[in-house]
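Below: one structure, written as structure tokens.
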Amino acid sequence: MTGYAIETKGLTKRYKGGILALKDLDLQIGHGTCVGFLGPNGAGKTTTIKVLTNLIAPTSGEAYINGVDVVRDPKEALRQVDSLVEVPGMPDYLSPHEMLSYFGKVRGMSTDAIHARITEVLATVKLSDWEHKKIGSFSTGMTRRLAIAKALLHDPDILIMDEPVIGLDPKGMRDIRDIIKGKVKDGKTIFLSSHLLGEVAETCTEVILLERGQVVGKGTVAELTSKALARSIDVTFRHPLADADLARVRGIDLVKGVDPLGDRVRLAFDGSPDSGAAILSQLVSMGLGVTSFTPQAATLEDVYVSVMGDERGVN
Amino acid sequence: MMADIREDMAHTVLSVRYEILKHMRRTRLLIALSLAIVLPVLFYIIPRVANVSFASTADGFMSNILGFGSFLIIISAALFAGDAVSGEFESKTALLTLSTPQRRTSIFIGKYLAAMLAVFTIVTLYYLVGVFEVIGIYGVSKVPIVTMRSYLLALLYATAVLSLTYFFSSIIKGTMASTLLSFFGLIMILPIVSSLMMVAKVEPWFIVTYSAGLITNVFLQPGFGGGGGGGGGGPPDAFTSYSPQFTTGVEVMAAYAIVFFIIAIVLSVRRDAE
């Protein structure tokens with residue numbers, strides 16, 4: 001038995017065709033934490049989650065949930081876990097009530113408990129009015145909400161979620177973010193993968209960065225952002241810049257991007273202090289009337305970019 | 001241990017229930033039930049309309065109806081088991097069902113049993129309609145005693161066909177491909193192979209569709225099950241037809257039922273939900 005909610009040791013997965021998705025992956029997720037699992041497409045995030053949820057078998061290595069080997073005893077390992085993996089297909093011939101009843105019965109919940117929890121979780125994901133309608137008539141966002149309802153049904157201690165807000169509108173994303181935050185407050189363990197760095201920064205306390213099947217960075221969000229270089233500078237000018245002046249600013253070699261934000265302009269650069277100083281010097285020499293030059297605090301996106309290189313998150 | 005076994009059985013029963021619900025809510029069950037009723041009824045209606053007499057004996061009448069029984073069994077197996085495994089992975093419902101605290105064997109055995117229940121219902125209905133027609137035409141006392149033996153053989157054949165279909169579903173990725181392979185494999189490919197073997201004067205005793213002949217052979221009088229070899233006389237290069245032997249046929253069907261079921265379950269359980 002270990003003290004971790006989720007742990008992998010030397011986890012390796014090689015798919016048919018020789019693709020190495022995971023290479024000796026070691027993860028430790030403590031109880032009661034919310035950990036964001038970040039990485040570019042093809043990094044191995046979904047593969048890791050699928051091994052943890054018994055959807056695929058690893059080539060070698062071990063995966064444990066609450067100290068139980070997922071490969072040897074998946075039935076026991078998954079008792080206190082629920083998950084949302086990729087975009088699962090839904091049984092279109094069932095209603096949400098029927099589908100959730102199935103999963104409640106799989107988990108050995110009593111009939112009364114199933115009915116009560118179905119009402120609660122459907123209200124949580126705003127699908128109460130659709131409880132007895134066929135899933136086949138649902139939109140993408142609705143099926144996503146239903147999948148989240150299924151993950152919440154038996155109030156698991158551990159939630160494993162793969163891109164939970166995919167397919168949801170901004171309000172839906174906010175609702176799910178609030179649900180996850182609520183679960184974190186309740187002391188649940190959340191392990192979620194996402195491309196939406198802003199969402200991860202807001203909900204997760206820790207982050208693991210994965211690339212080519214290996215961990216390339218991990219720590220709390222605060223630790224990682226404090227170490228990362230800020231990659232943007234907000235500059236204000238005496239007068240708003242005309243288009244011609246904006247074009248001159250864009251022409252500065254060290255400036256990677258120019259984003260007018262009303263009363264200021266945000267410049268993207270490589271984050272190094274020398275580059276920052278050089279950009280300030282060029283702006284002053286252009287006679288644009290710089291009134292303030294403020295490097296922004298590093299964001300999770302800055303961390304991601306500095307670790308991954310040119311791969312960027314969606315946000 | 002006992003609690004674990006009880007839980008596994010409960011999961012299997014749950015899988016059967018929801019799979020049966022799926023069959024009932026889709027048109028497949030309606031199609032199969034309709035065929036099970038319409039096909040034998042046609043054997044009653046057509047002679048009436050054409051103003052010709054029925055078969056001279058109830059055995060002959062039942063044999064005529066049941067000649068299409070094996071086709072109905074294959075169609076039903078393809079409908080209910082053709083995509084039982086492949087469908088879970090293709091539609092990605094496996095991402096929901098396989099990530100739960102239940103053994104995969106419970107899920108896939110449950111699906112198989114549900115398909116078996118559906119196919120057995122179809123076969124039973126087919127025989128019942130035939131028997132009612134015999135009663136209507138020839139009288140209750142003329143219902144062939146061997147009908148029950150034929151029925152049991154039909155159920156055994158259905159199990160063998162189901163296992164083979166389930167095996168195809170477990171190895172093939174796409175639902176369309178697995179269903180069509182099952183259907184055409186059993187309707188066309190295996191019978192063609194049987195015929196070619198007979199042309200080569202080799203009895204195709206190990207081909208399951210050949211064993212299906214037992215279903216109607218029970219109505220042959222006398223010497224049922226005399227089987228292998230023999231056709232009539234004639235020149236040495238005349239086509240030799242064969243007839244399945246009872247014991248061999250039963251053993252072949254049982255072997256298909258058990259072996260392909262086991263292989264299908266093992267492959268389904270080990271399949272990655274990529």
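The values are calculated or read from the model by the stated rules, or taken from the named source; none is laboratory data. Owing to the predicted nature of the structure, the values given are computational and were not obtained by experimental measurement. Cβ sites come from the backbone with ideal geometry, for glycine too, and all protein chains shown count toward neighbours. In case anyone asks, the SASA skips ligands and DNA or RNA and just uses the protein heavy atoms, side chains included. Shrake-Rupley method; radii C 1.70, N 1.55, O 1.52, S 1.80 Å.
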Would you mind stating whether A:V290 is modelled with pLDDT of 90 or more, in contact with a helix residue (DSSP H, G or I) (Cβ under 9 Å, 6 or more places away or on another chain), within 19 Å of A:L241 (Cβ to Cβ) and not aromatic (F, W, Y)?
yes
Could you list, in sequence order, the residues of segment A:79-95 that are assigned to a loop (DSSP other than H, G, I, E, B) and either at the interface with chain B (Cβ under 8 Å from one of its Cβ atoms) or open to solvent by less than 50 Å² (accessible area, probe 1.4 Å) (or both)?
A:R79, A:V85, A:E86, A:V87, A:P88, A:G89, A:M90, A:P91, A:Y93, A:L94, A:S95
The condition from (1) more than 8 Å from chain B (Cβ to nearest Cβ); (2) outside any loop (DSSP other than H, G, I, E, B); (3) surrounded by fewer than 22 Cβ atoms within 10 Å (Cβ to Cβ) that A:E76 misses is numbered (1)
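Residue-by-condition table, conditions (1) touching a His at 6+ places or on another chain (Cβ under 8 Å); (2) under 26 Å from B:A114 (Cα atoms); (3) open to solvent by 50 Å² or more (accessible area, probe 1.4 Å):
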| position | (1), (2), (3) |
| --- | --- |
| B:L21 | no, yes, no |
| B:T27 | no, yes, yes |
| B:L39 | no, yes, no |
| B:I45 | no, no, yes |
| B:A50 | no, no, yes |
| B:D59 | no, no, no |
Segment A:147-165 residues that are in the same structural domain as A:K45 (by TED's automatic domain parsing) and more than 14 Å from A:L192 (Cβ to Cβ), paired with ones that are among the charged types (D, E, K, R) and open to solvent by less than 10 Å² (accessible area, probe 1.4 Å) (beta carbon under 8 Å, 6 or more apart):
A:K150/A:D82; A:L153/A:D82; A:H154/A:D82
Taking B:K111 as the residue in question, decide whether it is in a loop (DSSP other than H, G, I, E, B) and of a type outside the set (D, E).
no
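Within segment A:48-73, restricting attention to residues that are assigned to a loop (DSSP other than H, G, I, E, B) and free of Cβ contacts under 8 Å to residues at least 40 places away in the same chain, which residue is nearest to the other protein chains (Cβ to nearest Cβ)?
Here the residue is A:L55.
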Any chance A:R14 is open to solvent by 10 Å² or more (accessible area, probe 1.4 Å), more than 10 Å from chain B (Cβ to nearest Cβ) and touching a residue at least 24 places away in the same chain (Cβ under 8 Å)
yes
Taking helices (runs of 4 or more DSSP H) that fall entirely within segment B:1-108, which contain at least 3 residues that are away from every other protein chain (no Cβ under 11 Å)?
B:2-25, B:27-50, B:58-66, B:69-81
Scanning segment A:101-145 for residues that are out of contact with any strand residue (DSSP E or B) (no Cβ under 9 Å at 6 or more places or on another chain), within 12 Å of chain B (Cβ to nearest Cβ) and in a helix (DSSP H, G or I) gives A:S101, A:Y102, A:G104, A:K105, A:V106, A:I135, A:G136, A:T143
Which of the residues that make up segment A:193-204 are open to solvent by 10 Å² or more (accessible area, probe 1.4 Å) and not in a loop (DSSP other than H, G, I, E, B)?
A:G198, A:E199, A:A201, A:E202, A:T203
Among (1) hydrophobic (A, V, I, L, M, F, W, C); (2) modelled with pLDDT of 95 or more; (3) open to solvent by less than 10 Å² (accessible area, probe 1.4 Å), the one test that B:V218 misses
(2)
Restricting attention to segment B:155-187, which residues are open to solvent by 10 Å² or more (accessible area, probe 1.4 Å) and of a type in the set (S, T, N, Q)?
B:T159, B:T175, B:T179
